[in-house]
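Working notes, structure below.
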Amino acid sequence: MSLYKVGPKLYRAGVSLTTEPQLLPAGLSYEQFKGGQYGRFVLTGPYSDLPEATTRVFQILSEKKIQLRDDYCIEHYVNDPRTTPPEQLITQILIPTA
């Protein structure tokens, strides 16, 4: 999973957990996800298609005049690239909406 903000170009890598971890390695931190409403788009294909897909997602949101909120966008990588052919990779692109 990756989290990013487009404006300030802020990126974070993350994993989802069901409970707060008790011991974290140095350099890692825990942050509880505050949630909210997201528009969900799905890309089926190689990760190299993500920049073009994300650009198209923002075009669609702009055309439909969907208001965004200042929060992290999320790329959720649904399947494992080690065992899934690139053309079958599924990525959920989640955009924070107001």
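Tell me the carbon and sulfur percent of the accessible area for the chain, rounded to whole percent, probe radius 1.4 Å.
Working: 3880 of 7190 Å².
Carbon plus sulfur share of accessible area: 54 percent.
Note down the relative contact order for the chain as a percent, whole number, built from C-alpha pairs under 8 angstrom at least six residues apart. Don't skip to the answer; put the middle values down first.
Values: 129 pairs, mean separation 35.9, N = 98.
Reported relative contact order: 37 percent.
Cross-link candidates for LYS65: which lysines have Cα within less than 20 Å, leaving aside residues fewer than 8 places away along the same chain?
Candidates past the 8-residue exclusion: LYS5.
With +1 on each Lys and Arg Cβ and -1 on each Asp and Glu Cβ, how big is the dipole of region 17-98 about its Cα centre, in debye rounded to the nearest 20?
Details: 7 positive and 10 negative charges, 55 e Å.
The calculated dipole for region 17-98 is roughly 260 debye.
Measuring with a 1.4 Å probe in the full set of protein chains, what accessible area per residue, in whole Å², belongs to the chain? Don't skip to the end; give the middle numbers.
Numbers: 7190 Å² over 98 residues.
For the chain, the solvent-accessible area averages 73 Å² per residue.
The values are calculated or read from the model by the stated rules, or taken from the named source; none is laboratory data. Note that the structure is predicted; figures quoted are calculated from it, not measured. Counting neighbours? That spans all protein chains shown, and the Cβs are built from the backbone with ideal geometry, glycine included. Areas reflect the complete protein model, heavy atoms only, side chains present, ligands, DNA and RNA absent. Shrake-Rupley method; radii C 1.70, N 1.55, O 1.52, S 1.80 Å.
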